[in-house]
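Heads up: the structure comes next, in structure tokens.
Bear in mind that the values in this text are calculations on the coordinates, not laboratory data. All values reported here derive from a predicted model rather than from experimental measurement. Cβ atoms come from the backbone with ideal geometry, glycine included; neighbour counts cover every protein chain shown.
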Amino acid sequence: MLLILGAALGLLSCRSLVMENRAGCPSYLYFDVNEENEPNTATQVHVTAFRQEDNSFMAQDTTTLLAMKDRTFYLPVHKTKGVEGYGVLGFNDLHQSGPMQWTVQEGQNGVPLYRFHYNASALEEEVLIPVTLEKDHSKVEIHFLHFEGFADSGDAFPFRICIRGNTCGIDALSGVPVLGAFRYTPSEEQAGVFRFVAPRQGDHSLTMEVYREKDGELLDEFRLWDFFREDVKFSWEQPILPDFKLYINYSESVFHISVQEWEPENTLKFEI
């Protein structure tokens, strides 16, 4: 009888110990990337968590998409009533300039960046968080028309362009663009074709400057927002930013520009 009672007490003690250990276990936040929104070009994922009660830092981790099983990744945190945070999908050259700010340095091209924000209760041991990504960049491809012959003749392309703006990145938690100098001079990738990546903009200052290559004289400058707004009817505040192609026709010392989305149904033109 005593042996049975002792065994029962021991079993209860073990059960209590197991319950205490489980209560002290972390809560695993599992992030499930929506396949429809998943960027095929991103190489890394960075996730951060804050306690909602006092906005204190809880955890962060960085992994690669190749290491993700079934496009799901997790972040362990201490159990708490409410947790809030963000995730960033991008490339290895992402620059974190603050606890929640991801920026590019002046002189560098923008970085393709996808972001999500989440709120959840972290009282359970496993919490599944569906992820819907926002696209915080626009890829812009610039085509100078009728200059294909320069590559064949060996002549230097006559123009150089520079992209300038007042926004250099994003606050990943709030989604608010970060003010700072954005300046990039793209190289000619093929005859008359230039490419750059524009971060989500906080104003309408994004400008393309066109210089004459041989003497560096500024020939003209164009506020790109004027063309994006008129031709494509979009806003820098929409969740998924589109990509653009700009077609520039230079004739009689005048630049004529048309804009279309990367995969458009039609092209809208705007002449200056």
Exercise. Run the quick spin-label model on Glu53 and Glu217: label points 7 Å from Cα toward the beta carbon, then report their separation in nm to one decimal.
Key: 6.9 nm
Practice problem: Sort Tyr114, Tyr247 so that the residue with the fewest other Cβ atoms within 10 Å of its own Cβ comes first and the one with the most comes last. | Solution: Tyr247, Tyr114
Quiz item: If you rank Lys135, Lys214 by fewest surrounding Cβ atoms within 10 Å, what's the result?
Solution: Lys214, Lys135
Quiz item: Once you charge only the Cβ atoms, +1 for Lys and Arg and -1 for Asp and Glu, what is the size of the charge dipole of region 198-249 about its Cα centre, to the nearest 20 debye?
Solution: 220 debye
Self-check item: Förster radius 22 Å - calculated FRET efficiency between Gln60 and Gln108 (Cβ-Cβ, nearest 0.05)
Solution: 0.40
